[in-house]
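What follows draws every value from the coordinates through simple rules; no lab data is involved. In this text the structure is predicted, and so the values were computed from the model without any measurement. So basically every Cβ, Gly included, is an ideal-geometry build from the backbone, and we count neighbours across all protein chains shown.
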Amino acid sequence: MIVRQDFNIFAADFEFYDLTFLLIREQISGNMETLKIFSIFIETIIAILSVLLWIRKGKASGAFIFVTFTIYVFYDIARMYSLAIPEPILRIAFAIAVISMLIAVWRLYNKE
């Protein structure tokens, strides 16, 4: 009988912690959605500024930064809205973005 009573207390505690976990997870999930949208917004601003760097300042690295962050925006939107884009396409796009940023940083390091 004591075992049964202890089990009921444990089960009640488990339900409390399970509910608490679900509430915390829901709060984090909502915050993550906001963070994703904010990140896409910042990536878009970086892409726009990189075009200005490229066109107005004549820095070719701006073109590579533009490619990188435009792909990042595309990739994040595709993930966030579960667009029907095949996974290999997203992986290739991400690889192109990384290579593009490598070129941009290399050009900046060598002072164009």
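Considering only the stretch 30-57, how many residues are outside any helix (DSSP H, G or I) and in contact with a Gly (Cβ under 6 Å, 6 or more places away or on another chain)? So that I can check it myself, show each step before the final result.
Taking the stretch 30-57 and keeping what is outside any helix (DSSP H, G or I), we get 56-57.
Applying the additional criterion that residues be in contact with a Gly (Cβ under 6 Å, 6 or more places away or on another chain) yields none.
Qualifying residue count, the stretch 30-57: 0.
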In the stretch 50-85, anything surrounded by 18 or more Cβ atoms within 10 Å (Cβ to Cβ) and among the charged types (D, E, K, R) is listed as Lys59
What are the pairs, 6+ residues apart or on separate chains, where a residue within the stretch 44-58 that is of a type in the set (S, T, N, Q) has its Cβ under 9 Å from a residue that is surrounded by fewer than 16 Cβ atoms within 10 Å (Cβ to Cβ) and in a loop (DSSP other than H, G, I, E, B)? none
Across the stretch 38-61, the tally of residues that are in contact with a Ser or Thr (Cβ under 7 Å, 6 or more places away or on another chain) and of a type in the set (Phe, Trp, Tyr) stands at 0
When residues of the stretch 32-65 are filtered for being closer than 20 Å to Ile103 by Cβ and hydrophobic (A, V, I, L, M, F, W, C), how many remain? 13
Of the numbered conditions (1) over 22 Å from Ser50 (Cα atoms); (2) of a type in the set (Lys, Arg); (3) more than 17 Å from the chain's Cα centre (by Cα), Arg79 fails exactly one; give the number of that condition. (3)
